[in-house]
Amino acid sequence: MVDKDILRKIVIRQKEEILTKQNFVRRDLLDDILKWIKDNRVIILTGVRRCGKSTLLKELMQNVSGWCYVNFEDERFLDFMAQDFEVLNEVLIEEYGNAKIYFFDEIQNIEKFETFVRRLQDEGKKIIIAGPNASLLSKEFGTRLTGRYKSFEVYPFSFKEFLKFKNIVLEKKDFYIAEKKISLIKLFSEYMSLGGLPEYLKNKDNEYIRTVYENILYKDIIARYSIRMHKIIKELINMLGTNISSQFTYNSLKKALGLGNAITVKEYISYLGNSYLFFELLKFSYSVKQQLNSPRKIYLVDSAFNQICGVNFSENNGKIMENMVFIELKRRNNDIFYYANENECDFITKKGTKITEAIQVCYILNKENREREITGLIEAMNKLKLKKGTILTYEQTEEINVKDKRIQVLPAYKWMLE
């Protein structure tokens with residue numbers, strides 16, 4: 001039980017902090033979320049730790065009225081229990097009045113929070129929650145709120161948001177002015193190196209990244225799933241980080257880790273996915289069974305983790321850029337696959353039942369790799385009946401025509417700013 005006076009102090013203090021004028025990088029996702037404010041479903045913001053979910057909550061508050069707010073990460077909530085929610089609600093009404101919108105940050109720290117959320121929703125309140133994916137979309141929460149919530153995935157800054165963070169305003173003509181273009185390429189190189197975690201971009205402190213990584217590892221994975229084999233999961237993360245964008249099977253990882261069965265590997269990778277640290281990519285096939293039985297690829301949520309999650313990965317610009325393109329496709333809410341038959345294509349995207357794009361990523365398109373990259377893309381385009389394909393490079397621009405197929409070669413930074 002938490003004393004009502006303590007709850008009041010917490011709420012008042014947090015209210016003062018929230019009302020202090022703050023300048024934020026306007027997130028690309030903001031307008032999409034605002035469209036759902038009048039919908040009666042709970043809005044859930046999920047994503048990797050420190051990607052900007054809490055700041056996005058505050059941005060939302062600046063765009064609506066009649067709200068109240070609680071951040072449950074405050075250590076004074078350690079003794080807070082489900083029966084304390086009613087007292088907390090009384091305090092919120094006392095301090096904010098009869099709020100229509102409830103903003104909750106890290107509410108998953110409280111057991112049975114979903115019962116309180118359901119009750120508020122039944123009373124006609126709008127609830128917006130930010131927190132880790134695995135906790136917020138747990139089986140119990142999903143059962144209590146089936147069909148009554150809408151989730152949004154929050155990622156670290158896109159390149160567009162990175163430029164906003166740097167206070168750089170771009171115009172279309174800048175792509176064609178030499179000085180501006182050179183400056184843009186340098187910024188893209190910096191983005192490739194640093195990634196998009198907001199706080200890291202401010203402090204550039206490598207220890208900060210290690211702390212974020214360790215919180216993900218120990219709190220979101222090891223503690224949550226009661227994992228005893230700490231060494232094994234660390235070795236698995238190291239293997240995955242070293243082999244970003246490469247194909248793997250659960251069996252191959254099982255052997256490399258010296259495990260008795262592949263089920264443990266599959267479970268551990270699903271935990272890494274739930275924490276938003278890594279993402280699996282399936283091979284494209286019209287057969288779901290074939291998709292599930294084929295080798296997979298793996299990608300990392302942000303370049304900032306390269307130094308911790310992989311060996312020499314930070315030196316491989318091609319892999320880093322491919323990883324960045326994958327995360328950008330995730331931001332754009334695509335269904336993504338890779339294509340592999342006689343040749344390979346990095347990404348196939350799908351919206352609903354329609355195949356929309358075939359994309360190849362190549363840091364530099366040169367005489368050594370040109371035929372391979374084009375052949376893989378053309379094979380995928382033929383198979384999927386696409387007339388247009390894309391090759392993303394570091395800075396090259398070209399148009400390639402092969403029979404009735406058109407391939408656009410674009411700098412990845414320009415594609416990311418579309």
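Every number here is computed from the coordinates shown, using simple stated rules; none is lab data. In this text the structure is predicted, and so the values were computed from the model without any measurement. As a convention, Cβ positions derive from the backbone with ideal geometry for all residues, glycine included, and neighbour counts pool all protein chains shown.
Table for the structure above
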item: Chain lengthening between PHE24 and ASN63 when straightened (0.36 nm per residue, less Cα-Cα); result: 12.8 nm
item: Backbone N within region 381-396 under 17 Å of label point (7 Å from ILE185 Cα along the Cβ vector); result: 392-396
item: Label-point gap, in nm, between ARG224 and ASN238 - each point 7 angstrom along Cα→Cβ; result: 2.4 nm
item: Antiparallel bridge percentage (DSSP; both residues within the chain; nearest 5); result: 45 percent
item: For region 105-128 and region 172-200, distance of Cα centres in Å; result: 41 Å
item: Label zone at THR211 (point 7 Å along Cα-to-Cβ), backbone N below 19 Å, region 34-77; result: 48-55, 72-76
item: Contour minus Cα-Cα distance for LEU34 and ARG13 (0.36 nm per residue); result: 4.9 nm
item: Taking the chain and dividing mean pair separation by its residue count, relative contact order in percent (alpha carbons under 8 Å, at least six apart); result: 13 percent
item: Among beta bridges that DSSP assigns inside region 175-416, antiparallel share in %, nearest 5; result: 70 percent
item: Protection proxy ranking, peptides 54-67, 223-236, average beta carbon neighbours within 10 Å, highest first; result: 54-67, 223-236
item: Computed label-point distance, nm, for sites LEU292 and GLU94 using a 7 Å Cα→Cβ extension; result: 5.4 nm
item: Gain on full stretching of the segment that runs from ILE364 to ARG406 - 0.36 nm per residue minus C-alpha separation; result: 13.2 nm
item: The chain, dipole about Cα centre (Lys/Arg Cβ +1, Asp/Glu Cβ -1), debye to the nearest 20; result: 1160 debye
